[in-house]
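Below: the structure, in C-alpha cells.
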Amino acid sequence: MSWPIDPSTVLAWNGIELRLATPRDALELFGALDHDDCWAHVRGRPESEDDVVQVIIDATRMGRWMWVVRKDDAIVGTTSYLDVVPADERLEIGFTVYRPDVWATDVNPACKLLLMEWAFSHGFGRVQLKTDIRNERSQSAIARLGASREGVLRRYQRRQDSSMRDTVMYSVLREEWLEIEQGLLARLA
C-alpha cells in the first residue's frame, strides 16, 4: 500500500492533466465552475475566489485529496480522492465538478482512468463512486465507466437546498480493473 500520495504527483492523458489543488488555483477554478448547472447536484457552490481558497484548505485538513483537472492547459474542473482507508484498501473518487462544455467528452473517462489506475497500482482493492439519485447524467457516466451499481444509501446527505438526498453507490474492484481499464482505453482511443 502506497499512501499518502506524493503531493508533486501529476497524472496525464492526451492533453488532460490532474495535479493536487493549491490555493493558487482558486481564481481559475472559480471561473471555470461559476455556472449554475455545475452545482445542480453538488453542495458547496463557492461564491468567490476566496471561497475556493477556503475549500482547498478545508479539503486538505479533512483528508480530501482535491485535484484540479486541466485540458489543453486550462482548468476545466476538479475531482477528489476522499474516504481513504488504507487499512481496508479502499478510497472514493468524488466531489467531481466539471465545466458544462466538457460534459460527455473525454475528460471524465480520462480522469477516472488516471485516478483508478493510480489507486489500483498503489495497492488499493476498491474504488467507490457515489452520486445523487436525482443526477441521472452522473449515474449514466459512472455506469459507462464500468462500475457496478451496489445500491442506494437512503437519506445519506444534505443537498445545497437543505433537502436530504438518497445516494447511489458504485464500485470497481481490483479484480475487475483490467477489463474496465481496457474498456476505458478503447473508449478514449
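Quick look at the numbers
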read-out: Contact order normalised by residue count of the stretch 10-188, Cα under 8 Å, 6+ apart, percent; value: 19 percent
read-out: Given charges at beta-carbon only (K, R positive; D, E negative), |dipole| of the stretch 100-179 in Debye; value: 460 debye
read-out: Computed lengthening from GLU150 to ARG134, 0.36 nm per intervening residue step minus Cα-Cα distance; value: 4.1 nm
read-out: Cα principal axis extents for the stretch 24-71, largest first, Å; value: 27, 22, 21
read-out: Charge tally in the Cβ shell below 11 Å around SER80, where Lys, Arg are +1 and Asp, Glu are -1, SER80 excluded; value: -1
read-out: Spatial separation of Cα centroids for the stretch 76-98 and the stretch 43-62, in angstrom; value: 16 Å
read-out: Kirkwood hydrodynamic radius over Cα pairs of the chain, then Stokes diffusion coefficient at 20 °C and 1.002 mPa s, in µm²/s; value: 127 µm²/s
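The numbers here are math on the coordinates, done by the rules we state, and not lab data. Just so we're clear, the structure is a prediction, and the values are computed from it rather than from any experiment. Don't worry about glycine lacking a Cβ; one is built from the backbone with ideal geometry, like all the others, and counts go over all protein chains shown.
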